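Heads up, the thing below is written out as structure tokens.
The values are calculated or read from the model by the stated rules, or taken from the named source; none is laboratory data. Worth saying up front: this structure is predicted, and the values here are computed from it rather than measured. Backbone-built Cβ (ideal geometry, glycine too); neighbour counts: all protein chains shown.
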Amino acid sequence: MRKTLLGALIGAGLAVLALGAMDSCREVFAQRQTPQQAVRPAGDLMVVPGPIDERGQLLTVVDPNLRVIGVYSLDRQDGKIALRSVRDIRWDLQMMYLNNDSPLPQEIRSLLEQR
């Protein structure tokens, strides 16, 4: 479950960046969405649906203005919605790197500056 949430947060962050460059789309899709249609602006919020398993769905809501991500789980059997996680990503996005393998960015920079 932790890996799923982390993946959803990373995916949502990338979606924020990608959609920031695109025009807002006001279309409504009644059919099941394809991966290309999975991220759609909803007013000022962006919603990214994703499967958890056969019983439920993960819904990531991104507020690009506040730089906050909320993750909900939706139970298909009883229709319940539960808030699973909320995170202010403002400070996350100011990090230069995290969990990277060598060479790290500062190591590459140092090598390039030696030339």
- line: Of ILE81, ILE108, the only residue that is among the β-branched types (Val, Ile, Thr) and touching a Leu at 6+ places or on another chain (Cβ under 9 Å) is ILE81
Hits in the stretch 100-115 (condition: outside any helix (DSSP H, G or I) and among the basic types (Lys, Arg)): ARG115
- prompt: Between a first residue in the stretch 37-56 that is at pLDDT 90 or above and outside any helix (DSSP H, G or I) and a second residue that is surrounded by 12 or more Cβ atoms within 10 Å (Cβ to Cβ) and among the basic types (Lys, Arg), which pairs have beta carbons less than 6 Å apart while being 6 or more apart in sequence or on different chains?
  reply: GLY56/ARG76
- request: Within the stretch 97-115, track down each residue that is of a type in the set (Ser, Thr, Tyr) and either surrounded by 10 or more Cβ atoms within 10 Å (Cβ to Cβ) or in contact with a His (Cβ under 9 Å, 6 or more places away or on another chain) (or both).
  value: SER110
- prompt: Which of the residues spanning the stretch 50-64 are among the β-branched types (Val, Ile, Thr) and over 12 Å from ARG84 (Cβ atoms)?
  reply: VAL62
query: Could you give every pair whose Cβ atoms fall below 8 Å, whose first residue belongs to the stretch 93-115 and is aliphatic (A, V, I, L, M), and whose second residue is in a loop (DSSP other than H, G, I, E, B), counting only separations of at least 6 or pairs across chains?
result: LEU93/ARG67; LEU104/TYR97; LEU111/PRO103
- request: Return the pairs, sorted by first residue and then second, in which the second residue is assigned to a loop (DSSP other than H, G, I, E, B) and surrounded by 15 or more Cβ atoms within 10 Å (Cβ to Cβ), the first residue lies in the stretch 67-80 and is in contact (Cβ under 8 Å) with a residue 12 or more places away in the chain, the beta carbons are less than 9 Å apart, and the residues are 6+ apart or on different chains.
  value: ARG67/ILE89; VAL68/ILE89; ILE69/ILE89
- prompt: Is it the case that some residue within the stretch 67-78 is over 18 Å from VAL47 (Cα atoms), loosely packed, with under 10 Cβ neighbours inside 10 Å and not aliphatic (A, V, I, L, M)?
  reply: yes
